[in-house]
1. Label 7 Å along Cα→Cβ of I316; region 638-675 residues with amide nitrogen under 20 Å?
2. Which angle between 0 and 90 degrees, to the nearest 10, do you get for helix 161-178 versus the longest principal axis of the chain when only C-alpha atoms count?
3. What distance in nm lies between label points placed 7 Å from Cα along the C-beta direction at Q283 and Q79?
4. Work out the length of the dipole vector of region 471-638 about its Cα centre, built from +1 on the beta-carbon of each Lys and Arg and -1 on the beta-carbon of each Asp and Glu, and round it to the nearest 20 debye.
5. Using the structure shown, select from K483/K530; K300/K380; K190/K292; K356/K652 the pairs with a Cα to Cα distance greater than 19 angstrom.
6. Quickly work out the H606-to-I193 label distance, labels modelled 7 Å from Cα along the C-beta direction, and quote it in nm with one decimal.
7. For the chain, what is the calculated [θ] at 222 nm in deg cm²/dmol (nearest 500), taking -39500 (n - 2.57) for each run of four or more DSSP H residues and dividing by its residue count?
8. In degrees between 0 and 90, to the nearest 10, how far off the longest principal axis of the chain does helix 281-295 point, with axes built from Cα atoms?
Amino acid sequence: MSNSTDLGNIIPKSQASGPRPSKKKNNGGGVGTVSLEMSYPFMVNLRISKEINETCSMIDLLNTQLTKTRLQQSERIEQTLLCQCLDVCKRYETKDSNKHTLKTQTFSLALFTNELVNKNVDPNEPLSYFDWDKVASLEIVRCQPDASIPKKQENYDDLNKRQQHRRRTLIKQQSKKSLSFLTQYQLVPKAIISTSSCGQEVQINFENKGDKSSGSTCDSLRSLVGVMDRFCVSEAAYHEITQLYPNLPRTHSVINTRREMTATLAISRVPGEVNGAMVSFRQELDKRLKEKILENPNLKEVMVQLSSDGTHVSRISNYVIFAFRLVDATYTDNHSADNVITLAILNCREDYFKLKTSLQPLCEEINSVIEAGRVHIDDKEIAVNIVFCADMKMILTMMGLGGVSCNHSCPWCLVHRDDRHNMTHPLDYFNSDNMMRNWQRVTEHAVKREYGVHHTPFLKIEMEDFILDELHLLLRITDVLEKNLINDAMTRDKERAAVKENPKHMGELVKAIKSCGVPFSYWEEKETKKLKWTSLNGLEKRKLLSKLPQALKGKLQSNTEEKVLSLWKLLDDIYSTITASEPMRAEEVFKLSQTWVETFLSLGPHLSGYTEKNVTPYVHCMVYHVPFMLRKFGTLRKFSCQAFEKHNDVVKKIHQRKSNKWDPTVEALQICKRMEESSKSKRDKRQYTKRRPKYWNEEIREVRSAKRAKLDEINSQAVQPADP
């Protein structure tokens, strides 16, 4: 509360629907009190104006309506206006309220004279009409002083050159933040020209175009900040490096550059109880499209890929990251995390209600772009096609469906879980009008809570524009095959142990997997006694698909070995097809996938894990929905979430090494935005030519295997106790 010391923590009483009290004296503190009378319709418009002009305070908006005086900035007045205006709006929303009676009621805002700009003027003007033209012409250019700077009267002319330079830098940083409203009018500030007390002209330039060395130094410092953020280099570590190499930029210059980059970021907190931060989707999209237009002036259409995923950043914290990237029209295998634009970071699990509340402002912006279908950039109209690509769990959450264990768990059709294994249906069966889901049908099912739909979808994206991530498709299907191999080996070892023979099958399986160049081991949990094994990533899974069938020859059951190995080979062909630059026709992919499922089910009578219930939603989508995705979008490789997975690893590293854990989501989003800005000046890596293919294909694996074998031998040796 402002002026709390002078006022002795006394708050004047407010009156509603009563006469305006006259000016009177406070005998205790000698401070007069007045009141400002406002009608209920005026307060409703004041509240609406606040929602439109979020950067303005309630006091700023109220000052535009006053003619005799102005109100000073006060936390007490600001909170009173917010609460009272909200209460009046709620009265208007009540069904039983009498609108005619509310129009005649008023509210008197009690004020101290110390809270008025002109203390000798009584604001005797009842406010009943809200003039919107005055608000439209309001431009706030107010530099808030830094609380960390001692408040003292300083004369610019009395400062030395070094202090004057620091004051100009401080004014420049505060002015950039205060003048950020100019972006709404597509205006960019160039300079501030002031005159000191002795008549000297002081000019503060926002762009150092005249000084080339200064501009290059600024770019170098921004690149240096990006490198420190990317590799999680602390200020203390960099300071020690500058002491060893004095030619490097000083630590204070790096810190000031980082603060300058952070001060211009328009980051806001998400609504609700979840700790999170977000940025505007429209602003980020406009910024990227402007860069694209500079590269390609004839740009007329772009495709935006939205994605969201949850990740464990610590033992007790889970992040949900919402981001997007621009998809190239041509096939490119560039899946760098630098191309991902972060929109929101939430500290919560993948829960529908938490995400719905927290992402509501972001989803409203996205839905407005979807409905318009185009955006205007510098008098140029660009068509925007928005798609959503993620794993099955996140797609189900965004669509308001239940989990994968529900009876109707397919996001694209109404198939029942008991019919997922049925391969007798033609390709178009589940994509017909009767079986295919669409946005309107999903919203209708949400009302009745049928066909697995529990809630309304987040985004107004048609179901055909939801794309299944090819990386998660590979991981989840190979998980089933991998689990079946391990269970079969353990079962055979138990049978050998029952007849007192040495178990060997699990050891042979581990040895075969390691021979493919993939690290693998298994263990038993102490508490649950369940068997666990190494979780492999996408690259390691692809190695298994291509090399494991050859390594497992002669090591499986003779009556089922051929079919088991054919599943791995056939899945390798399917995955290579859907991720190729020029994929096969949809019908051919459907036949390959259909053959894979039939081979899978034929092993059911002989081995466990190959039954009808093991045909997961991922398998059903691979057979009946992936071909249609290929028919509409071509290869699925260009929509791969590999870049988003890498971005999740970056955010996880930021949380563990760079964050102070006080406000982790805001800090992580700030670092991501600084890295996005500095990625433009990232150096091009040197292209390395492998001149010895034999070494990279064979010899390097042998050398590494020999090193691991030597380390295992050393670790297996018993350590002799030291002599006393």
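1. Within reach of a label on I316, which here means backbone N under 20 Å from a point 7 Å along Cα→Cβ, region 638-675 contributes 652-668.
2. The angle comes out at about 80 degrees.
3. With each label point 7 Å from Cα toward Cβ, the separation is 2.7 nm.
4. Values: 28 positive and 20 negative charges, 78 e Å.
Roughly 380 debye for region 471-638.
5. Numbers: K483/K530 13 Å; K300/K380 9 Å; K190/K292 24 Å; K356/K652 23 Å.
Result: K190/K292; K356/K652 exceed 19 Å.
6. 8.9 nm
7. On the way: 25 runs with 318 residues, N = 724.
Mean residue ellipticity at 222 nm (helix-derived): -14000 deg cm²/dmol.
8. Around 70 degrees separate the two axes.
The numbers here are math on the coordinates, done by the rules we state, and not lab data. On a predicted model such as this, the values are computed, not experimentally measured, just so you know. All Cβ positions, glycine included, derive from the backbone under ideal geometry; neighbour counts span all protein chains shown.
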